[in-house]
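Data block below; observations after.
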Amino acid sequence: MDEQYESIKNKLKKLLALAERGVQGEADNARKLLEKLCKEYGVSMEELLDENQLKRYYFDIGRNALYKDLFVQCYCKVSQKYSLSFYKESRSKISVEMTALQYAELVSLFEWHKANFNKDLEDMKKNILLAYCRKHHLYSDIKPENDRELTDDERKRLIKIMFMQESLNDNQYHKLLEQVGKK
């Protein structure tokens, strides 16, 4: 599991235990935070207490097929299953049966990974053009006047671009016309 991702399920369980067994002020604070999280994820306290109760939850994952695939991976991680049986509500909405704790964890996990995936995707879009141009020699032979030292971030980006360049196809462009006037 990603280091930056803290399981919402464990957090809710700990807060629930603290709300039930904690000292007065501690228990009150835990219950308030738990109620806030329940409201944020659209689950009730009763649903959290009944870990065996399955309910149909709805997700708007968007129309991007990549998001659907990412959602399935997150669902399988949370549910400990190898596949997903779901009911398709529309092109962008699906519903699945799960417990309230699983739902809260899945919402948190999917939203985090969706945002993180989009960040990586945008970074790759910026780099793919440069990798492509380097692979197919579509760059100027003129050296820049600025001969400054590269920053660590620029070096890391250049390494990413070089690895990406190696993964691209080796198709070659062939001129269709020879130079006019040559005999």
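Since every read-out is calculated from the coordinates, none of them should be taken as a lab result. It should be emphasised that the depicted structure is a prediction, and the values quoted were computed from it without experimental measurement. Heads up, the Cβs are rebuilt from the backbone with ideal geometry, glycines too, and the neighbour counts pull from every protein chain shown.
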Treating the Cα atoms of the range 54-116 as identical point scatterers in vacuum, please give the log10 of the normalised Debye intensity I(q)/I(0) at q = 0.13, 0.16, 0.23, 0.26 Å⁻¹, two decimals. -0.28, -0.44, -0.97, -1.27
Please sort 118-126, 52-60, 31-39, 147-155 by packing, taking for each peptide the average over its residues of neighbouring beta carbons within 10 angstrom, highest first. 31-39, 52-60, 118-126, 147-155
To make sure I understand, if each residue's beta carbon is the centre and we count other beta carbons within 10 Å, what order do 72, 96 fall in, fewest to most? 72, 96
So for the range 95-169, considering every pair of alpha-carbon atoms, how many percent are separated by more than 14 Å? 74 percent
Please turn the phi angles of the range 114-122 into ³J(HN,Hα) values with the Karplus equation 6.51 cos²θ - 1.76 cosθ + 1.60 (θ = phi - 60°), one per residue in order, whole Hz, x for glycine and proline. 4, 5, 5, 4, 4, 5, 5, 4, 5
Give, in whole angstrom and from largest to smallest, the semi-axes √(5λ) of the equivalent ellipsoid of the range 92-138, with λ running over the eigenvalues of the Cα gyration tensor. 38, 10, 6
Residue by residue through the range 100-108, which ³J(HN,Hα) values in whole Hz follow from phi under the Karplus form 6.51 cos²θ - 1.76 cosθ + 1.60 (θ = phi - 60°), with glycine and proline marked x? 5, 5, 4, 4, 4, 5, 5, 4, 5
In what order do 128, 159 fall by count of nearby beta-carbon atoms within 10 Å, going from fewest to most? 159, 128
